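The values are calculated or read from the model by the stated rules, or taken from the named source; none is laboratory data. None of these values were measured; they are calculated from a predicted model. Glycine gets a Cβ as well: all are built from the backbone with ideal geometry, and neighbour counts include every protein chain shown. Side chains are part of the model used for accessible areas, which takes the heavy atoms of the whole protein and leaves out ligands, DNA and RNA. Shrake-Rupley method; radii C 1.70, N 1.55, O 1.52, S 1.80 Å.
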Amino acid sequence: MPPPSFCPTKQSFEISMRRPYLCGRSQSLHSDEASMADQNVELSRAQWGSRFGFLMAMLGAMVGAGNIWRFPFVTGESGGGAFILAYFALLLVLAIPGLIAEVGFGRYAGQGVIGAFRSVVASQGLVGLGVVVLVVNVALMSYYSPVVGWTLYYAVHSLLGTFTASGFAPEAFWNAFRESAVLSVGTHTAVMALVAAILYLGIRRGVERLVIYAVPGLVLALVAITIRGLTLPGAAEGLAFTFGVDWGKLALGQTWITALGQVLFSTGLGWGIALTVGSYLPEYDDIPIGGGVFTVIGNSSVGILAAFAIFPIVFAFDLDPASGASLTFVSLPQVFPQMAGGLLWALLFFVGFFFAAFTSAILITEVSVTTLSEETALSREQTVIGVCTGIWLLGIPSAYAPSVLGFLDFVFGNFGLPLATLAIIGAIGWSMGPEKLRVLEVNRNAGIYVPPFWNPVVRYVIPVVMLGIVFNYAWANLGTPQMIGGVVVFVGVPLLSYALMSYLEGRREPLARDEAR
Amino acid sequence: MLGLSLDVWITMLFCVVAFFGVSIWVLVYTLWQEDTKLALFKTEGDLDTYSPRALRDLRRWIEIQPDPPPPDVNEARALYNDCVETLKTTDRHFYEWSAAEIERLDPL
């Protein structure tokens, strides 16, 4: 049973009324009239109904398909225990401080990505960095939705008992699904409809109500599969592959680059999700433990749990551990009929896998919904319909053609997401200043004290590492269409966003003055 | 045991402790902290919002701001004073404040 939250209670609401500065960050930047209007807006803004809901939202957002099909294999290939040590060290040094900063920035601003940038940047054009984050999230969701559609299709078939039916041919089943435009676009459509339905209900009645059941459900499913996997003959080989230590790999630069990529991509640092989730965080909630330590270590724990769950099965049945998506959709369905109670294991695995992917999809889309409902005259419900329809349309090419999905995944995964991270962490580190965020927001009501050495990590280390990763990808793919596309995104999107917001913000000021009069 | 080498066992043990152990502990700890805050709210009617170190940092940050102060400084000062007032007017606190520390606090 989740504990009650503070802000929704009458008592805390009265306290917020008594101390309005705690709820409305932007008030002092505006005229008195505008301040009062802002205050009303802030006090009516949704908040997580429980601490548990916030924690599960963060975890559900960050745990995705990659935790299950990528992390265990990357670990085994990159030195096992040595890789885990490097990965763990980088989690502590980069991911935890970075996510603390992003959640803190979200609560400080109390707004979506564009409003958050507006509250700290010096020039109107730089508000466009918020547009960059928005564009990246929409693009990411447009090709992630079809992938979630795969997991939905398999979850439904696991419920129907397809994988344990006699004569089931996994490869033919997978190929038939991927080659069918109706099925691919249809599952993408179903996913976006489900996302819209959840988001339509709002933060507490929709998102929170889903994640408090889906995330524990995913963990329980993986625990059950782990118990079954570890009791299979030959399971030890899978454990030896994933957790065996090759200390020599620790001395290789490639191991650290792989670990960095895994740390920064699997934790969703700087994508705008943590900022958005943080913007709904009540003032009396802690940031460093929930937004930082729990999210990062919990997210990685799901990856480790997936390694314990899946790789013993992979090796027990002599499957290829390197096959990624096809491991999940072709190889594992081969195995379930051979296991006692295969129907149950298939059901647990694919429903859990769907939960992992779907909760991420919900929170990725929420970034756009929160921001656009604040930046336009549309209601939240209208924004949900508009955003989900837009993403559905943009996602059709990816659902229809795997090559489009692969191209977008490379371009936005390797260049767009780091760009969003640089925008958010850059705004905190160089425009707002990490010390200000630390003393005003991060250490307020915190469960642990965040010391001053957090500041240079946010200001220097994370941006430098992010730039290094982008240049490494560009160098490794020099001259390829994907690299050119990535560079176009990396340079073009910020420039266009800067120009757009210079124009729009220039128009916004006289309008705001007129409204104030 | 199970044909696994010692390094595999050590890595698995490390993962269980550093990942599963820390996640569960942190989850329980943060939920317990929230329960504590709620209980304090009910009995004291208010909560201290900063730990001693965090409040010192906040004061230091306010004091080094240029004159005239930027808008956030007024809010920061209000946060500081509110915390000081809460500490002086409540008997039980969320953070570990000694009576001597509270005695030395002055509003800004």
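Taking the criterion of being open to solvent by 80 Å² or more (accessible area, probe 1.4 Å) and over 19 Å from the mean Cα position of the chain (by Cα), the residues of segment B:67-104 that qualify are B:67, B:68, B:74, B:89, B:103, B:104. In segment A:320-349, the residues that are under 19 Å from residue A:241 (Cβ atoms) form Cβ pairs under 6 Å with partners that are part of a loop (DSSP other than H, G, I, E, B) and not hydroxyl-bearing (Ser, Thr, Tyr), at six or more places apart or across chains, as follows: A:331/A:319; A:335/A:317. For segment A:106-124, a tally of residues being within 13 Å of another protein chain (Cβ to nearest Cβ), assigned to a helix (DSSP H, G or I) and of a type in the set (A, V, I, L, M, F, W, C) returns 1.
Of all residues in segment A:333-348, those that are open to solvent by 10 Å² or more (accessible area, probe 1.4 Å) and in a helix (DSSP H, G or I) total 8. Among the conditions (1) within 19 Å of the chain's Cα centre (by Cα); (2) facing chain A (nearest Cβ under 7 Å); (3) without any contact (Cβ under 8 Å) to a residue 40 or more places away in the chain, the only one that residue B:25 does not satisfy is (2). Yes or no: residue B:72 facing chain A (nearest Cβ under 10 Å), modelled with pLDDT of 90 or more and touching a Lys or Arg at 6+ places or on another chain (Cβ under 9 Å)? Spelling it out, it is not the case that residue B:72 is facing chain A (nearest Cβ under 10 Å), modelled with pLDDT of 90 or more and touching a Lys or Arg at 6+ places or on another chain (Cβ under 9 Å). Tell me yes or no: at least one residue of segment B:37-49 is facing chain A (nearest Cβ under 7 Å), hydroxyl-bearing (Ser, Thr, Tyr), open to solvent by 10 Å² or more (accessible area, probe 1.4 Å) and outside any helix (DSSP H, G or I). No, segment B:37-49 has no match at all. Of the residues making up segment A:458-493, those that are closer than 26 Å to residue A:102 by Cβ and among the hydroxyl-bearing types (Ser, Thr, Tyr) are A:460, A:473. Of all residues in segment A:378-393, those that are more than 16 Å from residue A:189 (Cβ to Cβ) have Cβ atoms under 6 Å from Cβ atoms of residues that are open to solvent by less than 70 Å² (accessible area, probe 1.4 Å), 6 or more apart or on another chain, in A:380/A:373; A:383/A:369; A:383/A:372; A:383/A:373.
Close contacts from segment A:244-260, counting a first residue that is assigned by TED's automatic domain parsing to the domain that holds residue A:300 and a second that is of a type in the set (Ser, Thr, Tyr) and assigned to a helix (DSSP H, G or I), with Cβ to Cβ under 7 Å and a gap of 6+ residues or different chains, come to A:245/B:11; A:249/A:255; A:259/A:87.
Restricting A:360, A:301, A:331, A:326 to residues that are within 14 Å of chain B (Cβ to nearest Cβ) and hydroxyl-bearing (Ser, Thr, Tyr) narrows the list to A:301.
Can we say residue A:372 is in a helix (DSSP H, G or I), open to solvent by 50 Å² or more (accessible area, probe 1.4 Å) and over 22 Å from residue A:485 (Cα atoms)? So residue A:372 passes the test. Of all the listed residues (A:93, A:131, A:103, A:127), the sole one being open to solvent by 20 Å² or more (accessible area, probe 1.4 Å), part of a helix (DSSP H, G or I) and either of a type in the set (Ser, Thr, Tyr) or assigned by TED's automatic domain parsing to the domain that holds residue A:443 (or both) is A:93.
One residue stands out among those in segment A:246-301 that are under 26 Å from residue B:17 (Cα atoms) and of a type in the set (Phe, Trp, Tyr): the one that is least open to solvent (accessible area, probe 1.4 Å), which is A:294. Only one entry in A:83, A:54 is of a type in the set (Phe, Trp, Tyr), crowded, with 24+ Cβ neighbours inside 10 Å and within 15 Å of the chain's Cα centre (by Cα), namely A:54. Residues of segment A:57-75 that are more than 10 Å from chain B (Cβ to nearest Cβ) and crowded, with 24+ Cβ neighbours inside 10 Å: A:57, A:58, A:60, A:61, A:62, A:63, A:64, A:67, A:68, A:72. For segment A:315-330, the criterion of a residue being under 20 Å from residue A:217 (Cβ atoms), assigned by TED's automatic domain parsing to the domain that holds residue A:465 and crowded, with 24+ Cβ neighbours inside 10 Å is satisfied by no position.
Entry remark, segment A:252-293: residues being in a helix (DSSP H, G or I) and within 14 Å of chain B (Cβ to nearest Cβ) number 9 in total. Assess whether residue A:167 counts as being open to solvent by less than 50 Å² (accessible area, probe 1.4 Å), modelled with pLDDT under 95 and either assigned by TED's automatic domain parsing to the domain that holds residue A:335 or of a type in the set (S, T, N, Q) (or both). So residue A:167 does not fit the description; no.
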